[in-house]
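Read through the structure below, which is laid out as structure tokens, and then see the notes.
The values are calculated or read from the model by the stated rules, or taken from the named source; none is laboratory data. Only a predicted model underlies this, so the values are computations on that prediction, with no experimental measurement involved. Positions of Cβ are generated from backbone atoms using ideal geometry, with glycine treated the same way; all protein chains shown enter the neighbour counts. Surface areas here come from the heavy atoms of the whole protein model, side chains and all, with no ligands, DNA or RNA. Shrake-Rupley method; radii C 1.70, N 1.55, O 1.52, S 1.80 Å.
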Amino acid sequence: MHRTFYEYLMTLRNPNDHSEIAEFAKNAFLDQSFPKQENDYHRLSDYLELNGNYLPSMAVFDETYRAYEASESTGGDSYQ
């Protein structure tokens, strides 16, 4: 079963991890408007460009999205 990007992102939440990706996951969790059912890169990117002031750089989203795609293509978690 395929996960949404948001579901994948939530697997990266960790209160003891202060990496940019873990912070992205934490802030997306707190963002009540985050498009939780969306998987499309461009729609997510557009949303974050307009509303993701919690991202230090869109490169954080790009890296996370690439890991999400790799995870979905292998059927498991693949965050490096």
remark   = Computed from the beta carbon distance with a Förster radius of 25 Å, FRET efficiency for His2 and Asn53 to the nearest 0.05 stands at 0.30
ask   = Longest span of the chain, sites excluded, free of chymotrypsin sites (Phe, Trp or Tyr not before Pro) in DSSP loop with at most 15 other C-beta atoms within 10 Å?
value = 1-53
remark   = accessible surface per residue for the chain, probe 1.4 Å, DNA/RNA/ligands not counted, whole Å² -> 63
query = When the accessible area of the chain is split by element with a 1.4 Å probe, what percent falls to carbon and sulfur?
reply = 48
request  = Work out, in µm²/s and without decimals, the Stokes-Einstein translational diffusion coefficient of the chain at 10 °C, 1.306 mPa s, Rh from Kirkwood over C-alpha pairs.
outcome  = 126
task = Pick out, in residue order, every one of the trypsin sites (Lys or Arg not before Pro) in the chain that is DSSP loop and has at most 15 other C-beta atoms within 10 Å; say none if there are none.
result = Arg3, Lys36
